[in-house]
1. 7 Å from Cα along Cα→Cβ at both Asp159 and Thr131: what's the point-to-point distance in nm?
2. What FRET efficiency comes out for Glu58 versus Tyr84 if R0 is 30 angstrom and r is the Cβ-Cβ distance? Round to the nearest 0.05.
3. Need one number: nm distance between label points at Ser97 and Lys181, each 7 Å from Cα along Cα→Cβ, rounded to one decimal.
Amino acid sequence: MVWKQLEFRPKTTHPTLRKQSIDAAMKAAVSSSYSLLAVEYFDIIAAKDKRLVNITGEEPILLECLAFASSVVCNGVNPESDEYELLLDSRQSIVPSFNQMSLLNTDEIENAILSRFDLYDKASSATDRETYLSSSNARVLTCIAGGEHFSRIKIRYEDSPDLAYCMTSQEFVSHVDGKLKEIFSRIVKREMDEEYDF
């Protein structure tokens, strides 16, 4: 379904309407891909540490997975590229979407997810982007496993992350890299098809 949205070709020949239709379809596809990646990451975490999900509950862990998955995608793209703005806009749209599906407190969801975006976006200035993302996410998961509430986590870099969570995060980041190539090859193909049509 995500790929179909990325390959969407509207019937209208009006250039402005056509661009709006394609942009809307791409934004929806990217938002869907964030959700699908978050579920994949949740499954990895649940398979490796059932205790974490049991003590914390599914929704807070899914929220963490959504913030992390979408941030890994955003941080895997050149900020100067045309797609970067689309990725950031799509990432912002996941906050109200999660609110609508969740029983968690709305303010806590928003505060937590925006705090994670801020944390993960520092990867752009890190010498090793993947290591920074993995260790930051591992610190978050370590705090949650230690009993901290998801909306009140304060990351301190002197606190070392649990090695098991580091490995879990690294596994997911490696997995996303392959998915990113697929997503962007389809976006580029759609753009080339669009140019050919006109």
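1. For the pair Asp159/Thr131, the computed spacing is 2.2 nm.
2. Numbers: r = 31 Å, r/R0 = 1.04.
Once rounded, the FRET efficiency stands at 0.45.
3. Taking the simple label geometry, Ser97 and Lys181 are separated by 2.5 nm.
None of the figures in this text is laboratory data; all of them are computed from the coordinates on show. Note that this is a predicted model, so its numbers are computed, not measured. With ideal geometry, Cβ positions are generated from the backbone for all residues, glycine too; neighbour counts draw on all protein chains shown.
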